[in-house]
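The values are calculated or read from the model by the stated rules, or taken from the named source; none is laboratory data. Quick caveat, the model's predicted, so the values are computed rather than measured. Note: ideal-geometry Cβ built from the backbone for every residue, glycine included; neighbour counts use all protein chains shown. The accessibility values were calculated without ligands, DNA or RNA, using every heavy atom of the protein model including side chains. Shrake-Rupley method; radii C 1.70, N 1.55, O 1.52, S 1.80 Å.
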Amino acid sequence: MSAVRRQVAGLARQRLFWPVLILALLLASNLFFTPSFFSIEIREGHLYGSLIDVLRASTPLVLVAVGMTVVIATGGIDLSVGSVMAIAGALACLRISELTDQHSIAGVLLAVAVALALSLLLGLWNGALVAVIGIQPIIATLILMVAGRGLAQLITDGQIINVNSAPYKVIGAGYAFTLPVSVLIAAAVVAVAAVLIRRSALGMMIESVGGNPTASRLAGIRSRRFIVLAYVFAGLCAGIAGLIFSSNVSSADGNNAGNLIELDAILAVVIGGTALTGGRFSLAGSVLGAVTIKALDITIYTIGIPSDATLLFKALVVIVLCLAQSPAFRSRLAGRRPSGPSGPGGQPATVPADQPPATRPADQPPAAPAGDAPAEVRS
């Protein structure tokens, strides 16, 4: 029995154990309200079901969370991803609406390429402000968060741009290989990012820049290059998410597209186990966190929570999720003292209450160790 307990304890210490467990419990809770929640069927060669809906709804947030993870790993933050989403969708829909034939594949591809190129430039702008000019990341990206929303409004002229393009509709609402195209796009981006970051030295460089900038600089790592690259990647992910979002509704809304998605992305990164202080990160954990948040949104609608209490209920559930992942909270809940520094024999290192700390005057040099007395000076 002790061996089983040790195996369970070792499994619980894995980084992805709690995100997976929380997501599984959240999905299983839907069975009480929708008995057919886990049923998946094929209609006209496409997979349909609640689980497929959760995956498809999660794709924009998954993409934004993956980009946010890399930025946070460098010790930064990106509050402008929602505005970049709105700009990318607005520019793509504007160019498609100006086509004489909106069903032209070449015209749609050109519009998508222009939108993604602008997303890359916006990410480069954030990276330059942070790494080159030296502005704090939260201030640098807040500038584009505000100005970018205005730029999206200028592109759309304050109106909602509607398009009727079958090729563009495929990006957000199409199917391929029985799966939604948006899910395949998100999976491809995550796979490419995982290969480039985790199968090469790039991930180690990013972690070193975020974990200890001084040590990485002394080791010869050019931190500015990796910081700029992280923001460029975040901009690209946000641009793709904006295309998926606008394609799914066949329109561009510069005011509401991607609104506050940056907060959900940061929350997904935290749920996935990545520390906001930078350093070690988990792409898989961020993906699980994004899917968990969208599963929570769908669960709220399934349960029938009133709209005026939705945000409060979501906040309470998120608090429970974060507490469940906290080792210190679980130790206190089980009646154990959280682990800390220990002295000889495994006992906690303590200082007697009646023993004052050793002090010396600021102008007095430290005493020389025994055996190192200065030699006698003879005249």
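See the values below:
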item	result
Residue within the range 276-283 that is surrounded by fewer than 22 Cβ atoms within 10 Å (Cβ to Cβ), at negative phi, without any contact (Cβ under 8 Å) to a residue 60 or more places away in the chain and of a type in the set (A, V, I, L, M, F, W, C) present	no
Inter-residue pairs, beta-carbon under 6 Å, first in contact (Cβ under 8 Å) with a residue 40 or more places away in the chain and in the range 237-256, second assigned to a helix (DSSP H, G or I) and among the aromatic types (F, W, Y), 6+ apart	S247/Y168
Candidates G158, G134 - the one that is of a type outside the set (S, T, Y), farther than 21 Å from V64 by Cα, open to solvent by 20 Å² or more (accessible area, probe 1.4 Å) and touching a residue at least 60 places away in the same chain (Cβ under 8 Å)	G158
Candidates S182, S208, S216 - the one that is touching a residue at least 12 places away in the same chain (Cβ under 8 Å), more than 23 Å from V64 (Cβ to Cβ) and either of a type in the set (G, A, S) or open to solvent by less than 10 Å² (accessible area, probe 1.4 Å) (or both)	S208
Subset tally (residues that are polar (S, T, N, Q) and assigned to a helix (DSSP H, G or I)) for the range 174-221	4
Wholly enclosed helices (runs of 4 or more DSSP H) of the range 1-119 bearing at least 1 residues open to solvent by 70 Å² or more (accessible area, probe 1.4 Å) and touching a Ser or Thr at 6+ places or on another chain (Cβ under 8 Å)	50-73
